[in-house]
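First up is the structure itself, then whatever we jot down about it.
Just so you know, all these numbers are worked out from the coordinates, no wet-lab data involved. Keep in mind that this is a model prediction, so the values were computed, not measured.
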Amino acid sequence: MDERPIKKGFYDGLDDGLRRDVKTSVLEASLSTVMGTFIGGAFLIGFALTLGAGDFEIGLLASLPLLANLIQIAGSFIVAKVGSR
């Protein structure tokens, strides 16, 4: 019989502290995605329409994620110039 090596899972090679940190990070990312889905996109636009928002307000809400990306670029330059902690 051809014996193949037993495949180990991702967490098997990690020590206990690092394994806990990785699992916590995955949980945090999952919850962040759920939160981002509920506070942005179609849910936010629908809520704004329910509150009586006009075209300008809807456009402003839709553009906020793109503006945040521009701020991230500026933040990268600031960190590069000032340095990290």
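Work out the P(r) tail for the range 13-82: percent of alpha carbon pairs separated by more than 13 Å, whole number. Spell out each step's value before the answer.
Numbers: 1823 of 2415 pairs.
It works out to 75 percent of all Cα pairs.
What helices does the chain hold that run 15 Å or longer along their axis, going by alpha-carbon atoms, with a Kyte-Doolittle average of 0.5 or more, using DSSP H for the helix calls? All intermediate terms of the calculation are to be shown ahead of the outcome.
Details: long enough: 16-39 (34 Å, 0.26); 55-82 (40 Å, 1.43).
Helices passing the filter in the chain: 55-82.
Taking the chain as a Gaussian network of alpha-carbon nodes connected by springs under 10 Å, the highest mean-square fluctuation of the residues ILE39, ILE71, ILE58 belongs to ILE71.
For the range 41-85, what Kirkwood radius comes out of the mean inverse Cα-Cα distance, in Å? Display every interim value, and only then the final one.
Values: mean 1/r = 0.0808 Å⁻¹.
Final number for the Kirkwood radius of the range 41-85 is 12.4 Å.
Rounded to the nearest 500, the 222 nm mean residue ellipticity of the chain from helices alone is -25000 deg cm²/dmol, with -39,500 (n - 2.57) taken per DSSP H run of at least 4 residues.
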